[in-house]
Structure formats: structure tokens, C-alpha cells
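So the structure is just underneath, and the comments pick up after that.
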Amino acid sequence: MRRREVVQFLGAALALPFIPRGAEAAMKLGAELHLRLGDVPFRTLNREQQALVTTIAEMIIPETETPGATSVKVPEFIDLILTEWASDDERAAFLAGLRDIDTRAGAMGSTRFAALPASKKVELMTALDAARGDKTGAGLAFARLKALTVYGYFTSQRVDQEILKVQMYFNGYQGNVPFTPAV
Amino acid sequence: MPPMTYDAIVVGSGISGGWAAKELTEKGLRTIVLEAGRPIDPAVDYVEHVLPWEKRYRGMGDRKQVERYQPIQGHTGACDEWSSKFFVNDLDNPYSFPEDKPFYWIRGRQVGGRSIMWGRCVYRWSDLDFTANAREGYGVDWPIRYKDLAPWWSYVEKFVGIQGRRENLAHLPDGEFQTPWPLNAAEQKARDILLEKFGGERVITNARLAVLTEDHGGRQKCHLCGHCARGCITLSYFSSINSTLPAARKTGRLTLRPFSVVHSVIYDPVKRRATGVRVIDANTKQMFDVNAKVIFLNASAMESTRILLNSATSEFPNGLGNSSGELGHNLMDHIMAGGATGTLPWARDRREIGNRPDAIYVPRFRNVKTKHPDFLRGYGFEGRAERAGWDRGSEMPGFGAEFKKSLTGDLGPWEMSFDGFGEMLPRHENYIELDPHLVDAWGIPALRVNCVYSDNEKKMQADMAVSATEMLEALGATNIRPFKEDNPPGLVIHETGTARMGRDPKTSVLNGHNQMWDVPNVFITDGACMASTANQNPSITYMALTARAVDYAHQLLNRREL
């Protein structure tokens, strides 16, 4: 439920002290401040790195009957984090790890990861997944890429609204509701 | 500018200042509340319903801004991409500590203070706590006992609106409770198992929270969005902004002045009374005086004492009202970051609906009936059982369609955590003083903090990990991860002491009614007044002490004794 709807839904609260002034203004301000990630060009990842990150992110969370990592702009989110959020050392370690992934793809007979046949991609990804505890190199880059893919995917607007259907208002707490996993 | 004159001055608009304002105005006193920070407009500033994708870093925080402007505040989790605006700019508000004694001072300077982002946990003390100093020879004896404060806890709890479960525990007295949210399926089973396996000694009870489960006093019941520290548009949790300041405003006797940085208390050595306070306008930096018959210092424990240290006179060269030499001393916090987390083997077919901001509490069980060999006093556990949801994905092996389906279609197992919060002993050698070389953005001398945990606290923290592991083992949990982190004091954000109450003016700053022994028309009812800190979260006790002190001050005013 969006803030505007919440404010309307909670109409009774509007009679309380401090509340009414500026609600519309606040929402307008929020809309203006909200950055459209799709409008931001890649600033850290070059074309080859974009292709590598996009390929791996989509393999972690692929398009199925629901959106995959690429269609909710996870690679763009990762670039934003690398550009504005990560420290210089963290960024350098990540990019070095990407190079290492391509180097390992080279050992499997390809120039880079994105050019590997599908079965080889899965083989290398499985090895990288097992190496997430590494402090440097391909294992480290994969661990961060995976964490950012999961985070970027599940905090995206589409996934929030279409899959998670995040709710912001509950009429009381229930702690013992039957649940059957959909897996 | 001629001095402004009121009946009463309240310095600070946080959790205790709001109560002082409400009580003073409701007793008929024209009261000015001087708040150092900016005003807050819930319609603009409360952001609890802003979703991650509406934030630039999706909730990961504006890391570089925090590192640059809030390097201290950034140590607390609540200083996040939504709520960092409620924490101070560390560059404007400096303080110092010896290199080998870090102290993280987490502050909020705005109308409402830290009552906007406080933890909302409210637990009464018992005489086990009030008598501890006298029994064990630490600090000074409290001048009050449970019976003195019990009616005032009831008084404030009725106004605050508190949910809790009655447990009839002598060492954690019940209060005035609304019906609590139920324990979830995993927590209920854990409660039943622990009650049986520990013979009733270790009790998982519902967290006692200043969060409404029923509409109360013009405020709506909580809608369980789960993000209290970002504000609350339905005013469902207690804060000064949501509750006490509106009540004070309703009297027509409240003047609330934001951007008013109190520099010092003005003392008349002839009358031996304070005449008012000296204030710096935060925006213009112009200095002016405000006069009143009675002054309540509620600027937060260390800020209230800082004001007094900055109010030295020839009679009180080491700080106003410091004839005891104890002003600034006996600084305490709690100790946390000891406990354990584990995976529960059951209730996979159950889920919860609604986001409780807090869930369970395990009241103190050490040094209650039997003496622990390693340490004095005790600790309680906050915690919860919850399913990890998609968050577990970054640590979970796998990738691809099945991996995705697992994260979107299942919630993962129940993880249960016990996080300890323990008592810190009052020690004279933990103290604050004025730093001779440091001033804040308004030119006011800043504090130097000298504070470390003693072996007693460290042993207690080690035991938190041990006893939490015991409980998880008793529950049949797997993947048990005990933890014991080396946090500096301050980070629990329960800093107390530095102007303690006591029975003797030679060894304490305040009497049994929070009144300064040396300056009788000055009262301190924030955390500074505490003679010990127990292990319970402190705010509800500040509220009760404040209401009690105002009642006493009002009696004195009526008798013309102030």
C-alpha cells in the first residue's frame, strides 16, 4: 500500500495534532526525490563487465513465469552500488574478481564467461558458489554479486508489488497461521 | 534581548522532557520547552511506509554520507537510510574519548529527541534492583524503593499505553497492560519447553512495549508495519511528539521553542537558586536568557550534566551543584551483544502475519534466587523467532529457477535469537568532563568521556552466550551460533548516571525527588539521575521519576519553598 493510500486509509488520524499539514507536499517531495534507476547509465561497469554481471545475475534469478534479475534492473543496481556506495578497495576487489571469473572461463576453453556454453556456465557457477567464503578473487566477487542480486531483486518495485505483495497495514498480529510452501 | 520569563523551564523535549512539559502545564505552570534541535512534522518526517525501492540505496544506507557526517551515529542500526536524519551530525556535535576507551554516544537532537526512534521496551524494576547498590557496596543506595515509584509507574503506563503479559514475577513486576500481541507458533512452543526444562526459572514472555494494541488517548492501535524507528503516522507508539507534547499543548500553557541550545544554568549565589538558563539560538547563534521559578533538565543524561559542568561558578568551580564531587561520575550504559541464534526444528507449517517491531523477552534469571559465581547482577534477553524469508538467499547455496522458487515460495526455517542486555555497575572512575580543547558548532565546550566496561560486565556478557546456547539446545535447535561482540559502551543507547540520586548530599547530586541538593529549584529527571541501571530498559523509569518529581516540585511551589 502506497503512502498516499495509507494516509487516505488512515483518515481518522488526520484529525490528530500535527498530522494534516504537508501530507501532499511530502508525497510530492518523495516522488521528486525518487531516483529512477533505469535512467542512470552504467558508470563503473564497462560493456564486458556489464555482460558478465548481467549473465550471472540472470543465472542466479532467471526469468520464469515471473521477472528475472535483468528485467528488474539488478545489473543497474549493482553498478549504482559499485559507483556510489562501495569503497575504492571494495570496488577494486569486485572488479578484480570479475576478471578472475573470466580467467577461469578461459581455462575452460572460452575467452570469457559470457561466451561459455550453458553447461560450462553452470559448472563454473557451481564452483564459484562453493567458493563464496574466499576473501579475494572470483569467489569473493561471486559472493557479492549473488548477495546484491538477491537484495536488488527482492527490493525492486516489481517484485515488491507482483511477487512479495508487501503489505504495510495489518489489522492485528497473527502468529499461528497455516502455511504450505509453494515449492 | 530582555529575558523571557515563565513559571517553568524544561530543557529537552525527549522522553522525559515531554513528560515534564505535560505534568508542569497540566498543573497550571506556564512552561517553556527549550529544544536544541529542529521541529518535526510527522506528515513530512515520518517515513515508516517508504519502501526500499523508493530509497536510492534500497535501504542499504547512504554509506558515504554517514561515514562523513555521522561516523559515530552510524554505529547504531537505526541510523539507516530512512532514520539517519533523526540522529545528530557528529561534526556539529563533537565529543572526545581516550584512544583506548572508545564510547559511542548516540544522540537525537530534534523535537521529540530520541523518543522518535527509541526501542519502546518498558519494564519496571523491583527492590532486587533498588537495593543492589546497598547490598553489594557499589555506588550509593537508592533513596527510593519500589513502593515509592510503583504508583508513578502506574500513572505513566496508563497514559503511555503498554502491551504486556502478566507473569507475576517478583523481580519484574507487572504493570498496567493492554492485551499483548500473541507469541507466534514457534515462540509459544519455545515458552512451553523452557518453562518445563528450566522449572519456571527462564520465562519467554511477550515483550512489554509502548506500542498500542488498542486505540488509546486519541491514538490508533498499531498497524504492524514494523518500522517504528522511522516514525508512526497513526501515533501508535509512545513518543513526546505523539503523546506528551500534544497533551501539554492542549493546556494552552506550553511554549515549545526549537533551535534553542541551552548553554548553562544561571545561578544567583545570594538566593542560592537558579534564576534561569542561558540559551543560544541554533540558527542565529544569538545568546539570550530565559528565567523561571523552577528548571527541569531533561536534555539526556550526558547533556544535562554537560550543561551543569558548563555552569561553574566561584562557589561551584567544578560544575554547578557539584559539592559532592560526583557530578559527571558513575556513568553507565548496559552491555549487550551477547547471546545466541539457532534454527528451530519445528512449526514449518506455520507463519505469522504482521510485522511486530519487538517480540519476546526473557526476564533476568541470574542472581535472582541463586548467586552466580562469576558476576554480580544480571541480564535479560530480547529476541524473537522469525522465518528468514528471501533474506536468506545470499547465504543459501544454489542458483537458478529452483533457487528462485525456494526464495519466493518458502519462508525458510524459524530462526530463534536471544540477545542479552545486562546491568553495568556504577563506578566512580567512569566519568565525563569538559574537554578543554573542544567546542561544538555553537561554541559550547564539549565532553570528554572516560568509560569502560569492567570484568563484571564482560563475564556477564560471556554468560549470555552460554545461557542462550543452553536454551537453544533445550529447544532442540540446530546450527546454534553463540555470539559475544566487543562493543564499546554507549552503543546500547541507555547511558545513565553522572548526576546520581542519593540519600546524602556529600555523595550524591540529587535527593530522593530528583532535586539538586545544592540548587533546590533545579530538577534532573533524565538518565543522569540514576544511581544504578538495573538490566531493564530505562525509559519508563525516567517517565515515572519525572511525573513524581514534578508533583513534588509543584507541592514546593505551592508552599513557596522554591
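Read the figures in this text as sums done on the coordinates, not as results from a lab. The structure presented is a predicted model; accordingly, all values stated were derived computationally and were not measured. All Cβ positions, glycine included, derive from the backbone under ideal geometry; neighbour counts span all protein chains shown.
Determine the shielding of peptide B:37-49 by partner chains: average, over its residues, the number of Cβ atoms on other chains within 10 angstrom of each Cβ.
Other-chain Cβ atoms within 10 Å of each residue's Cβ, averaged: 5.
How much FRET efficiency would the formula 1/(1 + (r/R0)^6) give for A:GLU84 and B:THR370, where r is the Cβ-Cβ distance and R0 is 41 Å, rounded to 0.05? Write out the running numbers ahead of the final one.
Working: r = 55 Å, r/R0 = 1.34.
Efficiency, from the Cβ-Cβ distance: 0.15.
When only Cα pairs under 8 Å and 6 or more residues apart are kept, what is the percent relative contact order across chain B?
The value is 22 percent.
Measure nothing fancy, just the Cα-based angle from helix B:539-558's long axis to the longest principal axis of chain B, in degrees from 0 to 90, nearest 10.
Tilt of helix B:539-558: around 20 degrees.
With point charges of +1 on the Cβ of Lys and Arg and -1 on the Cβ of Asp and Glu, referenced to the Cα centre of the protein assembly as shown, which listed residue (B:PRO538, B:LEU24, B:GLY398) lies farthest in the positive direction of the dipole?
B:LEU24
Among B:THR255, B:TYR453, A:GLY175, whose Cα projects farthest towards the positive end of the dipole of the protein assembly as shown, with charges put on the beta-carbon of Lys, Arg (+1) and Asp, Glu (-1)?
Highest projection toward the positive end goes to B:THR255.
Taking every alpha carbon pair in the protein assembly as shown, what does the distance histogram look like in 20 angstrom bins from 0, in percent?
Using 20 Å bins, I get a P(r) of 16, 47, 30, 6, 0 for the protein assembly as shown.
Helix B:455-474 versus the longest principal axis of chain B: what angle, 0 to 90°, nearest 10, using Cα atoms?
30 degrees
Going through region A:38-111, which trypsin sites (Lys or Arg not before Pro) have at most 11 other Cβ atoms within 10 Å and a DSSP loop state?
Taking region A:38-111 and a limit of 11 other Cβ atoms within 10 Å, the loop trypsin sites (Lys or Arg not before Pro) found are A:ARG43.
Which whole-Hz ³J(HN,Hα) couplings does region B:129-140 yield from phi under the Karplus relation 6.51 cos²θ - 1.76 cosθ + 1.60, θ = phi - 60°, glycine and proline marked x?
7, 5, 9, 4, 4, 5, 5, 9, x, 9, x, 10
How well do other chains shield peptide A:128-138, expressed as the mean number of their Cβ atoms within 10 Å of each residue Cβ?
Average neighbour count from other chains, rounded to a whole number: 1.
Restricting attention to region B:422-454, which GluC sites (Glu not before Pro) occupy a DSSP loop and are surrounded by at most 12 other Cβ atoms within 10 Å?
When the GluC sites (Glu not before Pro) of region B:422-454 are filtered for loop state and at most 12 Cβ neighbours within 10 Å, B:GLU429 remain.
By counting other Cβ atoms within 10 Å of each Cβ, how are B:HIS216, B:HIS437, B:HIS223 ranked from fewest to most? Walk me through the numbers on the way to the answer.
Working: B:HIS216 19, B:HIS437 9, B:HIS223 24.
Lowest to highest Cβ neighbour count: B:HIS437, B:HIS216, B:HIS223.
Compute the projected area of the convex hull of the Cα atoms of chain B, averaged over all viewing directions, and report it in nm² to one decimal place.
That works out to 25.4 nm².
Report, in whole Å, the centroid distance computed from the Cα atoms of region B:285-361 and region B:180-195.
With region B:285-361 and region B:180-195 each reduced to a Cα centre, they are spaced 32 Å.
In whole Hz and in residue order, list the ³J(HN,Hα) couplings for region B:35-41 that follow from phi through the Karplus curve 6.51 cos²θ - 1.76 cosθ + 1.60, θ = phi - 60°; x for Gly and Pro.
My calculation for region B:35-41 gives 10, 5, x, 7, x, 10, 10 Hz in order.
Quote the FRET efficiency, to the nearest 0.05, computed for A:ARG43 versus B:ASP100 with a Förster distance R0 of 41 Å and r equal to the Cβ-Cβ distance.
0.50
Non-local amide H neighbours of B:THR255 (under 5 Å, H modeled in plane, Pro and chain starts lacking H): which ones?
It is B:THR31, B:ILE32, B:VAL33, by chain and number.
Can you give the Rg to Rh ratio for region B:323-450, taking only C-alpha atoms and Rh from Kirkwood?
A ratio of 1.18.
Provide the gained length on full extension for the span B:LYS459 to B:ILE193, in nm with one decimal, where the gain is 0.36 nm per separating residue minus the Cα-Cα distance.
Working it through step by step, the gained length comes to 93.1 nm.
Counting Lys and Arg as +1 and Asp and Glu as -1, each charge on the Cβ, what is the dipole of chain B about the Cα centre in debye, to the nearest 20?
Taking the Cα centre of chain B as origin, the dipole is about 1100 debye.
How large is the charge dipole for region B:191-324, taken about the Cα centre, if only the Cβ atoms of Lys, Arg (+1) and Asp, Glu (-1) carry charge, to the nearest 20 debye?
Rounded to the nearest 20 debye, it is 320 debye.
May I ask for the net charge around B:VAL550, where only other residues with Cβ less than 10 Å from the Cβ of B:VAL550 are counted and Lys, Arg are +1 while Asp, Glu are -1?
For residues surrounding B:VAL550, the net value is 0.
Using the Karplus curve 6.51 cos²θ - 1.76 cosθ + 1.60 with θ = phi - 60°, what ³J(HN,Hα) values do you get for each residue of region B:333-341, in whole Hz, with x for Gly and Pro?
Here the 3J(HN,Hα) series is 9, 9, 10, 10, 6, x, x, 7, 10 Hz.
Considering only DSSP states other than H, G, I, E and B, which GluC sites (Glu not before Pro) in region B:1-99 qualify as loop sites with at most 11 other Cβ atoms within 10 Å?
B:GLU99
For B:GLN178, list long-range residues whose amide hydrogen, built 1.01 Å from N in the peptide plane, is under 5 Å from its own amide hydrogen.
Correct list: B:ILE162, B:GLN163, B:GLY164.
Please work out the C-alpha center-to-center distance from region B:88-105 to region B:492-562 and express it in whole Å.
Taking the Cα centre of region B:492-562 as reference, the centre of region B:88-105 is 26 Å away.
Within 10 Å of each Cβ in peptide B:183-193, how many partner chain Cβ atoms are there on average? Round it to a whole number, please.
2
Using the scaling law 2.2 N^0.38 Å as the reference, what is the normalised Cα Rg of region A:39-164?
For region A:39-164, the normalised Cα radius of gyration is 1.01.
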